[in-house]
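Have a look at the structure below, then the notes.
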Amino acid sequence: MTAAGEAARRAAELRSQLEEANYRYYVLDTPTLEDAEYDRMMRELQEVEAANPELATADSPTQRVGARPAAGFPEVRHDVPMLSLANAFGHDELREFDARVRRGLELTDADPGVTYVCELKIDGLAISLRYEGRGFVRGATRGDGMTGEDVTANLRTVRAIPLRLRATPAADRLEVRGEVYMPRAAFAQLNEERERSGQALYANARNTAAGTVRQLDPRVTAARRLSVWCYQLVGAHGLTTHWESLLLLRELGFPVNPNIERVGGIEAVIEYIELWSDQRHRLEYETDGIVVKVDSLAEQEQLGFVARAPRWAAAYKFPAQQVTTRLEEIEVYVGRTGALTPVAHVTPVLVGGTTVRNATLHNIDEIRRRDLRIGDTVVLQRAGDVIPEVVGPVVDARNGTQREWQMPVDCPACGTRAVREEGEVVTRCPNPWCPGQRMGGLLHFTGRGGMDIEGAGYAVVNQLIDRGLLREPADIYRLDVETLQALDRFARKSAENLHAAILGARRRTLPRIINALGIRHVGEQTAVDLAAWLAREVPYPDGADPAGWTARVAARLRGATADELTAVYGVGRVVAESIARYFADEHTRDTLAHLIEVGVVADPPPAGAAAAAAEGPLAAKTLVVTGTLAGFSRQEAEDAIRAAGGHPAASVSRATDYVVAGDGAGSKLARAEKLGVPVLDEGAFRRLLSGDQ
């Protein structure tokens, strides 16, 4: 045999052995290779492929080590939407789910119980995996259910995901859904490494896994030991039950959770839940509930969907976990609006899968209402993604050493006398140059609700402020690569990536720019309303310069009086006066102008959008959207209302013209009926948008 032939034979042998090792480790849970031997074989395969580049294949195990960093993630439109599930929070709600299923299947009390499949609900990131033939070709995140992000390069680094199927599927194309997660041990090891290097610790495994999958550099993903459980085969593929599809996934080489169970009737489901409500704490991964699915695919089709959730499945959420710990101290943090927020520092304790050290206490009134004292033994609660909450003290545990806490008279960040305005529960620092406010304001500016500058988080902003490089938002755009590279723990590539993100964030929509300013009382919705008003006040002529239009818009906003602003829909007197104060205050009045000077530009509005909205079928109408619509997300429905000239509102009042009610509409629908506000279903809403009603 020639040298080339021997290399090809050895490469094929190594690939086969490594793939088999992955299958036995992740799917069968019967590992056959020691880690050292696996690593040795991987190195040998890398050497063979490096010496013979023509032997390197897309599905080789060596491709898991990570590719070059990507510039961003392209969008992926899911052929079949990745649906959310209706939640159940107790046994009675599970029984109600079962009753709905039985009614949908036209079953009587005399008929046997519905067959369900129970699966542990993994606390991770939902993904979709596509295969053509036997090869893995694309991986995507769930996104909004309709559109996700292409993270193929990153998912290739996850060893549990097969790059090549063990058998040829019946269809040319195969799509599998699953959940990427970070095992407890991997999460603990990652935090230990970060602690040793002086980096901030990650809060929980779920968010860390999600962030790891979305790293622009796949090598970062490859360095972290993510894994996956697969739970759905998209399409019937000649099968009759969901259970059969899970067995087929295992045969094809996908990891399927070994703790799934097929049961008869809802009481058996409840028994399964009771078993795992305790045993889940012994697992090597986080789980926050149980997913219950009708097993028969024909029955699933018969039951169908309601809005974006299937009628044949439900997610039971485990109740909030409560633990006791000691309230060691209360420290006040200053936010971007000057609000002084007390935060409880507690003895670190594991609750809901996360080590908790801090918990918000909201304000002094809440502390008094709960009778919390320094040194108390307190009950701490955390459910799912909810911020840890101090429920209250264990009064019987007091021994007389506990002491009451007082809100500081002066701002802890700058020493200015704090104020509490009449009718407000929040104490504030009135100094606009307060370092605490500056930090909060700049983080708001760089964050997702603002200019969305990837990489400009707390650690970076804090360093820039400390070094005198960042006093106002415009300073961010004055930074160069060399300045960024001088920051702690910044290599050249990190500095270049952040600088590119800063340059890319010079252009944003007008509502985003307005919201990023952090004007008190101006949130995302008010920013949208202000931008719509400005687009009418300062029309964008064809062929205009976006920079020049942005400057004119900024001048109009800065020069608007409080009386003028109260005429803008959604802007009341308090908001109008807050905006006017912002542009009158010497510390903030030039913020927007300085941003324009460094090249920040607003995207021009769609041609004719302002005129079309003013003359649209919903001109000057106020609508409230409630419940779930089949053809619109909440954001899409509200955007459609604005495009038709209407105003989406959050609450129902006598001034509301219509309420658009989808499935699951609750208190807003009841209030509309009480006030006599016309209620529209989705069909009527569509007709109204088109001017047919």
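The values are calculated or read from the model by the stated rules, or taken from the named source; none is laboratory data. Predicted, not measured: the structure shown is a model, and the values here were computed from it. With ideal geometry, Cβ positions are generated from the backbone for all residues, glycine too; neighbour counts draw on all protein chains shown.
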Do we have any residue at all in segment 4-22 that's modelled with pLDDT under 80 and on the phi > 0 side of the Ramachandran plot?
no
For residue 651: the one exception among (1) assigned to a loop (DSSP other than H, G, I, E, B); (2) loosely packed, with under 13 Cβ neighbours inside 10 Å; (3) modelled with pLDDT of 80 or more:
(3)
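Go through segment 238-247 and report how many residues are within 18 Å of residue 131 (Cα to Cα) and surrounded by fewer than 19 Cβ atoms within 10 Å (Cβ to Cβ). I'd like the intermediate steps shown before the answer.
Of the residues in segment 238-247, the ones within 18 Å of residue 131 (Cα to Cα) are 238, 245-247.
Then keep just the ones that are surrounded by fewer than 19 Cβ atoms within 10 Å (Cβ to Cβ); that gives 238, 247.
Adding up the residues that qualify gives 2.
Here are 630, 637: which of them is in contact (Cβ under 8 Å) with a residue 12 or more places away in the chain and either farther than 29 Å from residue 309 by Cβ or part of a helix (DSSP H, G or I) (or both)?
Values: 630 fails: either farther than 29 Å from residue 309 by Cβ or part of a helix (DSSP H, G or I) (or both).
Sole residue among the options that is in contact (Cβ under 8 Å) with a residue 12 or more places away in the chain and either farther than 29 Å from residue 309 by Cβ or part of a helix (DSSP H, G or I) (or both): 637.
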If we ask which residues in segment 114-145 are farther than 18 Å from residue 291 by Cβ and either surrounded by 16 or more Cβ atoms within 10 Å (Cβ to Cβ) or aromatic (Phe, Trp, Tyr) (or both), their number turns out to be 9
I'd like the full set of residues that are more than 17 Å from residue 495 (Cβ to Cβ) and in a helix (DSSP H, G or I), limited to segment 455-471.
458, 465, 466
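Here are some residues: 283, 297. Which one is surrounded by fewer than 20 Cβ atoms within 10 Å (Cβ to Cβ), of a type in the set (A, V, I, L, M) and either out of contact with any helix residue (DSSP H, G or I) (no Cβ under 9 Å at 6 or more places or on another chain) or at pLDDT below 90 (or both)? Can you show your working first?
Details: 297 fails: either out of contact with any helix residue (DSSP H, G or I) (no Cβ under 9 Å at 6 or more places or on another chain) or at pLDDT below 90 (or both).
Among 283, 297, only 283 is surrounded by fewer than 20 Cβ atoms within 10 Å (Cβ to Cβ), of a type in the set (A, V, I, L, M) and either out of contact with any helix residue (DSSP H, G or I) (no Cβ under 9 Å at 6 or more places or on another chain) or at pLDDT below 90 (or both).
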Considering only segment 152-169, I want to know if a residue exists there that is within 23 Å of the chain's Cα centre (by Cα) and free of Cβ contacts under 8 Å to residues at least 24 places away in the same chain.
yes
Considering only segment 114-127, I want to know if a residue exists there that is over 30 Å from residue 182 (Cβ atoms) and at pLDDT 90 or above.
yes
May I ask you to list the residues in segment 90-106 that are exposed (fewer than 15 other Cβ atoms within 10 Å of the Cβ) and assigned to a loop (DSSP other than H, G, I, E, B)?
90, 106
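Residue check: is residue 340 buried (at least 21 other Cβ atoms within 10 Å of the Cβ), of a type outside the set (Val, Ile, Thr) and under 29 Å from residue 378 (Cβ atoms)? Spell out the reasoning first.
Details: buried (at least 21 other Cβ atoms within 10 Å of the Cβ): yes; of a type outside the set (Val, Ile, Thr): yes; under 29 Å from residue 378 (Cβ atoms): yes.
Criteria met by residue 340.
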Residues being surrounded by fewer than 22 Cβ atoms within 10 Å (Cβ to Cβ) and of a type in the set (Val, Ile, Thr) - total across segment 654-667
1
Mind counting the residues in segment 93-140 that are polar (S, T, N, Q) and over 30 Å from the mean Cα position of the chain (by Cα)?
2
Out of 320, 309, report the one residue that is closer than 23 Å to residue 83 by Cα and touching a residue at least 40 places away in the same chain (Cβ under 8 Å).
309
Hey, could you check segment 560-616 for residues that are surrounded by 14 or more Cβ atoms within 10 Å (Cβ to Cβ), small (Gly, Ala, Ser) and at pLDDT below 90 and say which is nearest to the chain's Cα centre (by Cα)?
570
Is it true that residue 250 is at negative phi, in contact with a Leu (Cβ under 6 Å, 6 or more places away or on another chain) and at pLDDT below 95?
no
Go through (1) crowded, with 21+ Cβ neighbours inside 10 Å; (2) assigned to a helix (DSSP H, G or I) for residue 186 and report which single condition fails.
(1)
Could you tell me whether residue 221 is touching a Leu at 6+ places or on another chain (Cβ under 7 Å), part of a helix (DSSP H, G or I) and of a type in the set (Val, Ile, Thr)?
no
